[in-house]
């Protein structure tokens, strides 16, 4: 993996080079093993948290981890194009607008002992801006090359906090063109419902049941690109104990292995259906 500046990363994309990189501010990773018509993203995978913010942060490391999406990058790691955040969403949230990306409160709790300085906020927001500069260059290249593109926007959510039965998988589709892409979305939902998971964990899948797909990553791509579908795909945290801070690697591996097979097949189906 190379440490590259934002301009170097964008130049490599424009030149269709294959590379594994971390941004020079260590904020996100991007690997491109080949130029294909689909991208996998894990914007909330990151757990890094700038040390200069530690003493001012009221939330514990566990509280931050609880609201992050651990292991989501690992679930998609085998695919040709993977972009993932390295920093915690408590420093800045890549799935929110620049205006909302740096929290004052988080999930009903004050985040900082003292309000963040503009210097600290701006340091975080530069990373947010850099990430989206690369996203824009990447999707531009893929739409130019293939005509259409599909992005698998992988998240996780804390299912135990709900007071009703919730699905293993939730697709948020309220901000995509359902008239145009509805059948592709339904096929993806059906694939996810057929996963075989350890410990008799059932794999159910629904659309807009727990989340509706209101994230900035989806909205940014959808607003700027006419021929790219973003599938906001949330897995319930059945792959860990969200209260005990324990990951179940055998479940993570099972998800990764099945996504390795099913995701490219679905991307191929999308391409054949929408290339014309």
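The values are calculated or read from the model by the stated rules, or taken from the named source; none is laboratory data. Keep in mind that what you see is a predicted model, and the values were worked out from it rather than measured. Methodologically, a virtual Cβ is constructed for each residue, glycine included, from the backbone with ideal geometry; neighbour enumeration extends over all protein chains shown.
Scanning region 227-247 for residues that are surrounded by fewer than 18 Cβ atoms within 10 Å (Cβ to Cβ) and either at positive phi or in contact with a helix residue (DSSP H, G or I) (Cβ under 8 Å, 6 or more places away or on another chain) (or both) turns up 227, 243, 245.
The condition (being over 25 Å from residue 63 (Cβ atoms), within 17 Å of the chain's Cα centre (by Cα) and not in a strand (DSSP E or B)) is satisfied by just one residue among 175, 214: 175.
Please tell me if residue 194 is within 20 Å of residue 253 (Cβ to Cβ) and modelled with pLDDT of 95 or more.
For residue 194, the condition - within 20 Å of residue 253 (Cβ to Cβ) and modelled with pLDDT of 95 or more - is met.
When region 181-200 is filtered for residues that are assigned to a helix (DSSP H, G or I), touching a residue at least 40 places away in the same chain (Cβ under 8 Å) and within 24 Å of residue 271 (Cβ to Cβ), the ones remaining, listed by number, are 181, 183, 184, 185, 187, 188, 191, 192.
Only one of the numbered conditions (1) in contact (Cβ under 8 Å) with a residue 60 or more places away in the chain; (2) under 30 Å from residue 265 (Cβ atoms) is not met by residue 97, and that is (2). Taken over region 125-160, residues that are under 20 Å from residue 95 (Cα atoms), assigned to a helix (DSSP H, G or I) and touching a residue at least 40 places away in the same chain (Cβ under 8 Å) amount to 14. Of the residues 160, 145, the single one that is more than 14 Å from the chain's Cα centre (by Cα), within 26 Å of residue 64 (Cβ to Cβ) and surrounded by fewer than 18 Cβ atoms within 10 Å (Cβ to Cβ) is 160. Would you confirm whether or not region 241-263 contains a residue that is touching a residue at least 24 places away in the same chain (Cβ under 8 Å), more than 29 Å from residue 64 (Cβ to Cβ) and part of a strand (DSSP E or B)? Among the residues of region 241-263, not one is touching a residue at least 24 places away in the same chain (Cβ under 8 Å), more than 29 Å from residue 64 (Cβ to Cβ) and part of a strand (DSSP E or B), which makes the answer no.
Determine, yes or no, whether residue 256 is out of contact with any strand residue (DSSP E or B) (no Cβ under 7 Å at 6 or more places or on another chain) and at pLDDT 95 or above.
Answer is yes for this residue.
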